[in-house]
Structures are given as C-alpha cells and as structure tokens.
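Please read the structure below before turning to the comments.
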C-alpha cells in the first residue's frame with residue numbers, strides 16, 4: 001500500500017478526523033437515498049424507518065457539484081440530461097479571453113432512475129473520446145431525528161477510450177474504472193458537507209523500456225484520492241460552493257496536482273445550473289484524479305459550467 005499513499009498523511013489524518021466528527025459515529029438503518037428537487041422532492045421516497053424516523057431532504061441541489069458527484073439519487077422514474085463544459089486555463093489572460101477561445105472539453109450524458117435507490121447512465125466526453133457507463137446506489141440516508149447522522153452513496157463507472165487503435169496494444173487497454181464512496185451531512189438548512197474517498201484504475205498507462213530492456217511504468221495503474229465539498233445556500237434556489245480534491249497515491253512520475261474549486265449554483269424543481277472555477281479540465285472523474293497537471297499555484301484555473309435538466313415519468 002505504500003506505493004499508493006504519498007506523504008500527505010497530515011491531510012489524510014485531518015480528513016479522517018473531519019469525517020468522524022461529521023458522521024457522529026452513530027449507527028443507523030439502511031435507507032433509500034434522498035432525492036433531488038424534481039417532482040416536488042418526491043415524498044414517495046420518505047419511507048418510514050426506526051419507528052417513524054424520516055429522511056432529510058435535498059442535502060444538495062443536484063447529483064453533481066462542480067467536478068464531483070454528490071450523494072443525491074433522484075426518485076424512481078427520473079430522467080436527467082447533463083451538459084458539462086470546461087474552457088481552457090485562464091493563465092493566458094486576454095490572449096484567449098481567459099481560456100474562452102482555448103480548446104475546450106465537453107461531456108453530454110443521460111441518466112435514468114429505474115428504482116428509488118438506483119441511478120444508471122451513460123455519457124460521451126470530448127477529451128480522449130471517452131464513453132462512460134455509470135451507476136449510483138443509495139446506501140444510507142440521514143434522518144431528521146439524528147439516528148442516522150449521514151447519507152452514504154456509492155458511485156462507480158466504466159470508461160472506454162474510443163481513440164484510434166494505434167493508441168492501444170490490446171483492446172482491454174481502452175478500459176478504465178472509478179469507484180467512490182460519498183459521505184455527506186446536511187448540517188443546517190443552509191449548509192451541507194461531503195467527504196468522498198475514491199479509487200481509480202487504468203488498464204493502460206504510459207511506460208518505457210530501460211537500459212536493461214525491462215518495461216517501466218511512468219505511473220501506477222491504480223490511484224487513491226479523497227475529495228471534500230461544501231455548499232451554502234444564500235437563497236432558497238441559489239448557493240455558493242467550494243471543493244477540494246487531494247491525490248494520495250505517489251507515482252514514479254507525473255504526479256497529479258490537487259483540485260481547488262469554487263462557484264455558484266442555482267436550482268429549480270427541474271433544472272440545475274452551476275458555474276465555477278477550478279483546476280480540473282477533464283470531466284470523467286478518473287481522468288481528473290489521475291492526470292490533472294493544472295497547478296493552482298501557477299494560476300492554471302479553468303472556468304466551467306454544468307447544466308442539468310430533469311423529467312419525471
């Protein structure tokens with residue numbers, strides 16, 4: 001495991017302590033995940049648990065918060081369309097209008113909830129011509145009476161790199177995977193926090209042949225990371241958002257940089273719009289966590305936005 005975790009132990013200890021304080025370390029029941037704003041927050045998911053305990057509603061305003069997933073899982077019958085856009089870095093200033101004229105990245109996705117606890121979908125991303133299949137499963141739901149202090153959701157995907165076959169020796173090298181456990185708490189009606197450890201895996205990574213004729217990898221196939229998100233509502237339909245993503249794995253070369261993001265969100269019963277600035281240019285989570293080379297210390301921020309439209313059937 002030493003090769004997977006770098007020298008960021010003080011940050012990891014602080015994250016674990018924050019998570020322990022966030023959760024309160026109380027046991028609880030396994031419940032359906034809380035829902036998005038669609039369909040009047042859909043009271044149909046408010047199943048009775050622990051002698052009348054009711055789940056907390058709308059921990060976040062969308063399934064996305066800037067570059068990361070949230071614990072939210074929409075109610076059964078919800079169809080969601082996502083448009084996610086990232087411009088180039090702002091470091092060139094007026095030369096390319098702070099990245100607006102630079103090469104951009106975009107993802108379009110569709111997701112559907114066949115069950116109250118399950119969200120499945122697919123998407124296409126411009127960078128590396130990536131096609132993703134993803135699933136989100138609600139595991140625990142924070143309750144109003146505090147018997148369950150946090151909401152917990154699992155998110156995972158499988159991504160296929162559809163670039164020309166010359167990039168890959170074998171077809172299996174096209175595949176990468178992402179697994180994340182999302183743990184969130186609605187602190188007050190205005191403030192929500194989330195911590196999410198993740199593990200990324202790429203079947204194919206760059207390498208070279210050394211002087212002895214042995215193949216050496218430039219990076220590890222697997223990558224551990226942890227993210228933290230915060231959302232504070234300033235009105236009933238708008239909020240300010242912050243996020244931080246910390247890589248934990250120490251690679252032989254090309255170690256990724258952390259992501260710092262901050263932005264603004266506005267939501268309605270069927271829409272969510274987020275505009276923000278961060279260092280992540282990729283949209284597929286394992287690409288961001290594994291390959292981000294934008295350094296906030298050098299001003300390499302990217303302007304991005306997410307648009308979500310939901311329908312309930």
request  = Determine, for 147, 190, 117, the number of other Cβ atoms within 10 Å of each Cβ, and report the residues in order from fewest to most.
outcome  = 190, 147, 117
query = What's the long-distance tail for region 214-263, i.e. % of Cα pairs beyond 18 Å?
reply = 50 percent
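Computed FRET efficiency, Cβ-Cβ of residue 167 and residue 145, R0 45 Å: what is it to the nearest 0.05?
Details: r = 54 Å, r/R0 = 1.19.
Efficiency at R0 = 45 Å is approximately 0.25.
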key: Computed lengthening from residue 293 to residue 234, 0.36 nm per intervening residue step minus Cα-Cα distance   = 18.0 nm
request  = Provide the FRET efficiency to the nearest 0.05 for the residue 255-residue 110 pair, computing r from the beta carbons and using R0 = 41 Å.
outcome  = 0.75
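Full-extension gain between residue 203 and residue 135, please, as 0.36 nm times their residue separation minus the C-alpha to C-alpha distance.
Value of the extension gain: 22.5 nm.
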remark   = One checks the Cα atoms of region 50-166 and finds Rg and Dmax, in Å, of 18.3, 63
query = So, in nm, how far is label residue 307 from label residue 83 when the simple model puts each one 7 Å beyond its Cα toward the Cβ?
reply = 0.2 nm
message = Along each principal axis of its Cα atoms, how long is region 209-313 end to end? Whole angstroms, biggest number first, please.
response = 63, 38, 20
task = Kindly rank 231-239, 162-170, 304-312, 264-272 from highest to lowest mean number of other beta carbons found within 10 Å of each residue.
result = 304-312, 264-272, 231-239, 162-170
Residue exposure sequence - 200, 287 - by fewest surrounding Cβ within 10 Å = 287, 200
Cβ-based exposure ranking for 193, 115, 229, in which fewest neighbours within 10 Å come first = 115, 193, 229
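Readers should treat all values here as calculations from the given coordinates under stated rules, not as data from a laboratory. Note that the coordinates shown come from a computational prediction; the quantities given were computed from them, not determined experimentally. FYI the Cβ positions are ideal-geometry reconstructions off the backbone, even for glycines, and counts take in every protein chain you see.
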